[in-house]
């Protein structure tokens with residue numbers, strides 16, 4: 001099943017069911033008016049939406065309209081918890097090598113970062129960047145959305161609470177990030193609003209891309225200003241989603257709507273398959289030549305993130321957005 | 001005006017108006033069914049609740065019932081953003097001296113920590129502590145609740161968006177905290193569910209305690225198992241609320257319901273007025289004697305946090321809770 005939230009001027013938007021080919025949509029109300037309502041009461045409400053989805057794909061029995069990702073908000077326009085992992089150790093290793101960072105990780109314990117979830121940005125909305133001097137960057141990632149998950153649930157029980165999969169651009173401001181990382185208390189100014197792809201999908205929509213090892217075996221295709229930038233594969237994640245979630249739930253409940261991101265997708269063959277963020281490419285340049293030539297985000301930059309299934313069709317739709325100067329009151 | 005959220009079995013509870021003396025309450029519906037609904041639409045809905053509050057205090061014109069803090073959830077049982085500051089440098093200085101920590105702060109930039117907001121705990125609910133070996137601790141703090149605050153708002157504009165004041169016990173697990181602080185990515189396992197006081201109040205309820213300097217000039221009275229533990233005053237905060245909020249809003253919007261905590265209240269005269277957390281008392285012991293004698297939280301410990309106004313009456317009601325063993329499925 002594929003779902004999206006259209007902008008209707010309200011904070012939580014309007015939930016719609018989207019056809020597998022992303023061409024059509026139908027209203028999810030009265031089964032569920034918003035994604036938050038659905039995720040809180042998934043078992044009762046999802047079957048009704050699945051029926052709508054099947055009718056929509058068959059092209060009969062349900063009113064529908066053209067799905068326009070430009071009208072989409074993030075599938076959850078806001079939620080009550082967002083945690084981003086750094087689950088591809090390869091990325092951290094490249095960064096630590098290039099910048100001689102001394103990150104004191106504990107072997108076996110994944111890096112998880114608590115993040116804000118009050119104001120996500122739409123997938124095709126212009127993105128207001130406060131300042132070019134902040135060394136703006138993107139990070140192409142996968143994420144999962146959780147139903148209620150009790151404290152101390154083991155990995156398999158956590159994985160069983162995954163309801164939806166999404167993609168995101170975890171916009172990052174590197175000028176703040178290094179300062180905040182050194183300080184130890186996580187990210188505040190380093191992480192402005194996060195942007196999720198237009199469509200959230202149930203794991204079965206990934207087919208064999210939803211691996212039995214609890215990882216996503218699909219490529220995150222990133223382009224900058226129409227030029228290929230990278231297509232790293234999610235399969236090299238160093239922990240499964242269940243393992244990441246169990247660490248997060250060690251001593252607290254995760255309530256419905258919790259989003260867990262993977263961290264920027266990164267592969268050991270990064271020099272061939274490319275990266276999903278500027279910082280990693282810049283770090284590889286620095287390791288090779290002593291300097292970085294790829295520029296950070298500039299106003300006017302257009303970024304696109306998309307994942308294709310085995311059939312070559314877009315699974316989540318594309319994040320396709322421009323970075324623009326911030327204007328107060330705009 | 002004073003407001004609380006009673007547990008009605010729903011995730012966001014039921015909003016009630018509470019009398020100034022905390023003895024009576026009246027239903028806030030149909031003006032606002034939940035605190036979230038109120039904070040999103042404050043200007044339209046607050047006047048109606050203010051009228052109910054005045055009638056309730058006068059003891060006429062409105063149906064009411066006895067207010068029982070044991071039935072209260074956190075005033076916002078969940079929200080979309082919770083950020084906790086470490087705004088009393090005195091506390092950090094003591095910790096750094098005792099444990100030879102090298103925290104790389106940038107002078108002038110306050111420490112802010114992004115936190116989870118999906119599952120707050122009620123003020124009198126038994127608190128399930130996963131393990132005594134986690135070195136459990138409490139932190140008595142003040143917090144403010146925000147209306148929508150646009151990106152890049154200056155301190156005065158941020159302060160003008162403060163709608164409510166609360167108290168909290170920011171439960172902390174020190175065994176995880178030092179490990180996570182060293183790693184740099186903020187707190188995950190170090191911070192289980194947070195507990196807010198039963199009643200949220202508009203700033204005017206603090207009287208002269210709501211200082212013209214944007215700080216709270218009131219004592220956070222903490223007792224452990226019925227014994228005085230400390231009563232540090234909020235006036236020594238090293239930044240005003242407006243300054244803290246402006247740093248947070250530097251490059252992102254803060255949406256309605258955002259909670260900003262002060263960090264554990266701490267005074268330079270800590271040896272006389274006491275502390276609002278165990279770690280600070282233990283650190284002072286270590287500085288003096290080379291060792292710490294005050295134990296971390298043990299199962300069965302009962303903690304109480306309360307703030308009295310100039311008239312000696314409780315402003316927010318008390319957080320008064322016991323720490324109990326965690327039982328899966330309980």
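Each reported figure results from applying straightforward, stated rules to the coordinates on display, with no laboratory input. Quick caveat, the model's predicted, so the values are computed rather than measured. Note: ideal-geometry Cβ built from the backbone for every residue, glycine included; neighbour counts use all protein chains shown.
Apply the a/c threshold of 1.5 to the C-alpha gyration tensor of the stretch B:140-242 and tell me whether it is rounded, prolate or oblate. Mind dumping the intermediate values first?
On the way: a/c = 2.00, a/b = 1.23, b/c = 1.63.
Oblate, because a/c is 1.5 or more while a/b does not exceed b/c.
Evaluate the relative contact order of the stretch B:251-330 (contact order divided by residue number), counting alpha-carbon pairs under 8 angstrom at least 6 apart; express in whole percent.
On the way: 65 pairs, mean separation 14.0, N = 80.
Computed value for the stretch B:251-330: 18 percent relative contact order.
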field: Label-point separation in nm, residue A:43 to residue B:328, each point 7 Å along Cα→Cβ
entry: 1.8 nm
field: Over the stretch B:9-131, relative contact order from alpha-carbon pairs under 8 Å, at least 6 apart, %
entry: 25 percent
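Subtract the Cα-Cα distance of residue A:298 and residue A:96 from 0.36 nm times their separation in residues, and report this length gain in nm to one decimal.
Numbers: separation 202, 0.36 × 202 = 72.72 nm, distance 2.49 nm.
Value of the extension gain: 70.2 nm.
Give me the one-decimal Kirkwood hydrodynamic radius in Å for the protein assembly as shown, with the sum taken over alpha-carbon pairs.
Values: mean 1/r = 0.0393 Å⁻¹.
Every distinct Cα pair counted, the radius reaches 25.4 Å.
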task: Be a star and scan the stretch A:186-223 for residues whose amide nitrogen sits under 17 Å from the point 7 Å along the Cα-to-Cβ vector of residue A:50.
output: A:201-207
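For the stretch B:179-330, what does the alpha-carbon gyration tensor say about shape, rounded, prolate or oblate, given a ≥ b ≥ c as the root eigenvalues, a/c under 1.5 as rounded, and a/b over b/c as prolate?
On the way: a/c = 1.34, a/b = 1.19, b/c = 1.12.
Since a/c stays below 1.5, the shape of the stretch B:179-330 is classed as rounded.
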Normalised contact order of the stretch B:190-252, rounded percent, pairs of Cα under 8 Å and 6 or more residues apart: 22 percent
query: Under a GNM of chain B (C-alpha, springs under 10 Å), which listed residue has the highest mean-square fluctuation: B:62, B:83, B:16?
result: B:62
query: For the stretch A:252-305, what is the largest minus smallest coordinate of the Cα atoms on each principal axis, given in angstrom and ordered from greatest to least?
result: 47, 31, 19
message: Once R0 is set to 35 Å, what does the formula 1/(1 + (r/R0)^6) return for the Cβ-Cβ distance between residue A:156 and residue B:160, expressed as a FRET efficiency to the nearest 0.05?
response: 0.10
statement: Rounded to the nearest 10 degrees, the helix B:42-58 long axis (Cα) sits at an angle to the longest Cα principal axis of chain B of 80 degrees
query: Given the options A:142, A:187, A:196, which has the most mean-square fluctuation in a GNM of chain A, springs set between C-alpha atoms less than 10 angstrom apart?
result: A:187
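If Rh is defined by the Kirkwood formula over all Cα pairs and Rg also comes from Cα, what ratio Rg/Rh do you get for the stretch B:1-124?
Values: Rg = 19.1 Å, Rh = 16.8 Å.
Result for the stretch B:1-124 is an Rg/Rh of 1.13.
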message: Quick check: from the Cα gyration tensor, does the stretch A:112-184 come out rounded (a/c under 1.5), prolate or oblate?
response: oblate
- request: Give me the distance between the Cα centres of the stretch B:227-264 and the stretch A:7-76, rounded to whole Å.
  value: 39 Å
Copy-to-copy label separations for residue B:289, where each label sits 7 Å from Cα toward Cβ, in nm and ascending: 6.2
message: I'd like the FRET efficiency for residue A:204 and residue A:269, computed as 1/(1 + (r/R0)^6) with the beta carbon distance as r and R0 of 35 Å, rounded to 0.05.
response: 0.75
field: Other-copy label distances relative to residue B:154, 7 angstrom Cα-Cβ extension, nm
entry: 5.9
task: Could you list A:100, B:286, B:281 in order of exposure, starting from the residue whose Cβ has the fewest other Cβ atoms within 10 Å?
output: A:100, B:286, B:281
field: chain A - Rg (one decimal) and Dmax (whole number), Cα, Å
entry: 19.0, 62
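I'd like the FRET efficiency for residue B:291 and residue B:313, computed as 1/(1 + (r/R0)^6) with the beta carbon distance as r and R0 of 41 Å, rounded to 0.05.
On the way: r = 40 Å, r/R0 = 0.98.
Taking R0 as 41 Å, the efficiency between residue B:291 and residue B:313 is 0.55.
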- line: Share of Cα-Cα pairs in the stretch A:81-131 beyond 19 Å, whole percent, is 49 percent
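Kirkwood-based Rg over Rh for the stretch A:67-109 (C-alpha set), two decimals? Intermediate values should be presented prior to the final figure.
Details: Rg = 17.1 Å, Rh = 14.0 Å.
Rounded to two decimals, Rg over Rh is 1.22.
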query: Sorted from shortest, what are the nm distances separating the label point of residue A:208 from equivalent points in the other copies, each placed 7 Å from Cα along Cα to C-beta?
result: 7.7
Rg/Rg_ref, the stretch A:213-297, where Rg_ref = 2.2 N^0.38 Å and atoms are Cα: 1.32
query: Which Cβ of chain A lies nearest the axis of the rotation superposing A onto B, and at what whole-Å distance?
result: A:186, 1
query: Anyone know which of B:222, B:144, B:103 comes out most mobile in the 10 Å Cα GNM of chain B?
result: B:103
- prompt: How far, in degrees from 0 to 90, does helix A:89-99 lean away from the longest principal axis of the Cα atoms of chain A, to the nearest 10?
  reply: 30 degrees
query: Cα axis of helix A:278-289 to longest principal axis of chain A: angle in degrees, 0 to 90, nearest 10?
result: 30 degrees
message: Report the Rg/Rh value for the stretch B:184-230, based on alpha-carbon coordinates and the Kirkwood definition of Rh.
response: 1.09
